[in-house]
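One structure is given below, encoded as structure tokens.
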Amino acid sequence: MDVDYYGLSGAKRLTWRLRRAVTRGLKGIGGFFKNLIFGIKNFVTGIFRGVYELVRNFLAGNFVTKLSYFIMGSGHVFRGQAVKGMIYFALQVLFTLYTVFFGGNYLSMFFENFFTGGNIGRTETYISDIWDDELNEYLKIAGDNSFHILLYGILSLFVILFFVLCYVASVKESYKLEEMKMIGKRPSGIRKEGAELLDGKFHVTLLSLPMAGLFLFTVIPLFTMILIAFTNYDAGHEVPERLFGWVGFENFRNMFSGTSKLGDTFRRVLSWTLIWAFLATFTSYFIGMLLAILINRRGIRFKKLYRTLLVTTIAVPQFVSLLIMSKMLDSGGGGFGTGGGIITQWIEQIFGYHQQFGLKIFDTRVAIILVNLWIGVPYSMLLCSGILMNIPADLYESARIDGASPARRFFKITLPYMFFVTGPYLITQFIGNINNFNVIYLLSGGGPGDNLLYSDGAKGTDLLITWLYKLSLGVDRNYKLASVIGILVFAISAVLSLIIYNRSSAVKGEDNFQ
Amino acid sequence: MKQEQKNIDLTQNSQSVLTNTAANSAANWEELDRLEASLTPNIKGRKGGFRLGMSLRRTLGDTAGQIVLTLLSVVWIIPLIYLIVQSFRGEPGAWSPTFFPHEWTLDNYKRLFTQTQFPRWYFNTLWISVVCCIVTSLFVLSVSYAFSRIRFRARRPLMNIMLILGMFPGFMSMSAVYFLLKILLPMNYQSHLSLIIVYCSGAALSYYVSKGFFDTVPRALDEAARIDGASRFRTFVKIILPLSKSIIIYTVLISFIAPWCDYIFVSYIMSGVPDTGLYTVSLGMYSWLEREMIQQYFTTFCAAAVIVALPITALFMWLQKYYVEGVTGGAVKG
């Protein structure tokens, strides 16, 4: 913070800060793209260099090295690393079998209409005119399954990538072995290579299994689902009976269209998602902080008791606490629809207002935010307690000596310090609330619905994430829209994360908070 | 110094606090108070009356704080008390006009264990979460150790890729995972094995907190071990892990609790499965609250909720210290 800042008046300080935040954010995004372009450039030059090296080695190597370019592992076998060589050879055989009998077919169907648009797969399931006596109906001839084609297509692409990496590694090693032989060194045996996995290459051991799991059950499904956003996969094109096909950016156009009902619904859900995330994050953050300060106050007794009582809501599984809350708030319409929730009764007795949780959108939203306080405040209280303790006590001491009032000390010391330290946490929490499935789904199920305002299965308190859930399961399923929403949620999270990333790198330069 | 020590003892014994840090800093507050008291007379010779006003104000403030905290604590646990008392309610049905039941009974619990599938659900969840907890902890600890300590070429790119993967909503790809499971386990893709695979496969993505922890363990330890000839494996197992008790407990705690609390994945994997005995507690109990079941099962649901929540809550409370450390460490590092 530079000198100019202190010369400004209150309102100007705010604009100054805003401007700084915006320029920093833009810089972060700009920096990201710069890195991205730089990364791509490095990647491409790396590939060229790698290919050049391979060709050079091929030309320079002797017969065995040349052979190992066609039969993987042959170089290893002839030069004393038989086991490793056999593994490479087996890999090559497996890959060939995979491509010939399985992957190749799926890949060709995957790319067949990729650029032109049209169905994924060639034949649709149809009912033939052959009568099946056992089932008492005409025989069904199974066609292609578009989803399998998509999934296996992605899988095959990754298998090819993996194989290419192994291939490159094997021929490089083969050339190295030749060089080693020339200078009279013995290649290390299999036992030594194994021991190396616990030492120099320990990261390979540590990472391979988690990465394999991540790859198979996160990366491949994710790529598949991203591609679904560019197809027309929905209840009308349900596999395996029907085929679905590529449609390009049509789903995105529909989602963002200014005139359609879907576009309206999307904007409503998006704005509620953002409002919700903002309110949920900041209300629980501030109240949690105030509570932490209050509990840490010197004169307060039974600190431990209060903390324990408040923290129980984190400890109780959410599906228990939120479902019971939902029941207590029940007003007869939404939720479980039995009516007579105890809190509803109390509010009616005390304030004379019949709250309509699950019937009126506004009431439901207010209730959700309040219930979220119940869940979220203890969490931020725990966090803030820890950090409040770390504020250097001499700051307060000198402020007291200078005669600063408690309120002034709070605004001038506590708050800036907390913001400084917990900034990244706040953004993480904001992203977490955008994706807060439990609180919405278990409390209100997304309801109440309103057919005039919402379409495609969305309801009044649905977040993008609960809408996504409904769109991928049940009566409203529409996988293409779910996928589009998933990509948008990703985009929002990514932009916010970039800000954190930029912030924390900016923080590194500033050793002390101002 | 002695005074300070006494303060620490005092706070730990009587009124304190979640963590050691908390206790220490509570001592800081006390010390601050003392300091202020000793300084006050020296500053501008404040008058007695003013100081009396200060202390009166402080007492008032404390009382007000005490009242607010008491009220809030009561508000906070009302729903949980409601849950508990409803589980002892004798009157049938989902609707009850009063907070406390008229008729107290243990029948709901008896019914829970004799007439419903709840015991099976409970053991399903238990064994799933034990397996998940072991696998997830191993995954998370090894990934975070590798990223924290070993500098290899793919480190940065991998960390970035994992950061990006983590930004997609977790169950966006559920339908693809479902198909994959159908292909890999054609006979029983709606099984506990599928659930375990789903819970564990993404585990590596949450390496962040424990990596932050490992980063704080001095690298000099690794180097010393290396000079003594220990391999990386030995360094990890014999030196780093024993020093990382708190983060191990945090990881184990989080991964053990996750299957108990998960509704979304299990509801997807198990949707339409004919044998409800395969359910986990969350799915099974949620099914009791459906419109046609709730009248009959609401009080049973409350009893089941108490049975589920008790051990989880106890576990959490017992290990809260580590949880707080994990949360705080992760949050502050961003």
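The values are calculated or read from the model by the stated rules, or taken from the named source; none is laboratory data. Predicted model, so just to flag it, every value in this text is computed and none were measured. Cβ: placed from backbone, ideal geometry, glycine included. Neighbour counts: every protein chain shown.
When residues of the stretch B:223-237 are filtered for being within 17 Å of B:Val143 (Cα to Cα) and of a type outside the set (Phe, Trp, Tyr), how many remain?
4
If I filter the stretch B:268-296 down to residues being facing another protein chain (nearest Cβ under 8 Å) and part of a helix (DSSP H, G or I), which single residue comes out as surrounded by the fewest Cβ atoms within 10 Å (Cβ to Cβ)?
By that ranking, first place goes to B:Gln295.
From (1) more than 28 Å from A:Ala142 (Cα to Cα); (2) at the interface with another protein chain (Cβ under 9 Å from one of its Cβ atoms); (3) in contact (Cβ under 8 Å) with a residue 60 or more places away in the chain; (4) in contact with a Gly (Cβ under 8 Å, 6 or more places away or on another chain), pick out the condition that doesn't hold for A:Leu214.
Every listed condition holds for A:Leu214 apart from (3).
So which residues in the stretch B:169-203 are under 24 Å from the mean Cα position of the chain (by Cα) and not in a helix (DSSP H, G or I)?
Residues satisfying the conditions are B:Pro169, B:Gly202.
Output the residue which, of all residues in the stretch A:55-92 that are closer than 18 Å to A:Ile160 by Cα and in a helix (DSSP H, G or I), is nearest to the chain's Cα centre (by Cα).
Result: A:Leu91.
What are the pairs, 6+ residues apart or on separate chains, where a residue within the stretch A:69-87 that is assigned by TED's automatic domain parsing to the domain that holds A:Glu173 and at positive phi has its Cβ under 8 Å from a residue that is assigned to a loop (DSSP other than H, G, I, E, B) and not hydroxyl-bearing (Ser, Thr, Tyr)?
Sorted first by the residue in the stretch A:69-87, then by its partner, the pairs are A:Gly80/A:Arg186; A:Gly80/A:Pro187; A:Gly80/A:Gly189.
Mind checking whether some residue in the stretch A:228-236 is out of contact with any Phe, Trp or Tyr (no Cβ under 9 Å at 6 or more places or on another chain), of a type in the set (A, V, I, L, M, F, W, C) and within 14 Å of chain B (Cβ to nearest Cβ)?
no
Within the stretch A:236-273, which residues are among the β-branched types (Val, Ile, Thr) and over 24 Å from A:Phe110 (Cα atoms)?
Going through the stretch A:236-273, the residues among the β-branched types (Val, Ile, Thr) turn out to be A:239, A:247, A:259, A:265, A:269, A:273.
Result: A:Thr259, A:Thr265, A:Val269, A:Thr273.
Among the residues of the stretch B:129-149, write down those that are among the hydrophobic types (A, V, I, L, M, F, W, C) and closer than 15 Å to B:Leu241 by Cβ.
If the condition is that a residue be among the hydrophobic types (A, V, I, L, M, F, W, C) and closer than 15 Å to B:Leu241 by Cβ, then B:Ile134, B:Leu138, B:Phe139, B:Val140, B:Leu141, B:Val143, B:Ala146 are the ones that fit.
From the list A:Gly25, A:Gly46, A:Gly39, A:Gly30, which residue is under 18 Å from A:Lys172 (Cα atoms), under 30 Å from the mean Cα position of the chain (by Cα) and assigned to a helix (DSSP H, G or I)?
A:Gly46
Scan B:Thr251, B:Thr235, B:Thr299 and give me the residue that is assigned to a helix (DSSP H, G or I), buried (at least 22 other Cβ atoms within 10 Å of the Cβ), among the hydroxyl-bearing types (Ser, Thr, Tyr) and touching a Pro at 6+ places or on another chain (Cβ under 9 Å). It would help to see each step written out before you state the result.
Numbers: B:Thr251 fails: touching a Pro at 6+ places or on another chain (Cβ under 9 Å); B:Thr235 fails: touching a Pro at 6+ places or on another chain (Cβ under 9 Å).
Answer to the selection: B:Thr299.
Considering B:Leu60, B:Leu71, B:Leu52, which residue is at pLDDT 90 or above, in a helix (DSSP H, G or I) and more than 9 Å from chain A (Cβ to nearest Cβ)? Write out each step before concluding.
Working: B:Leu60 fails: at pLDDT 90 or above; B:Leu52 fails: at pLDDT 90 or above.
Answer to the selection: B:Leu71.
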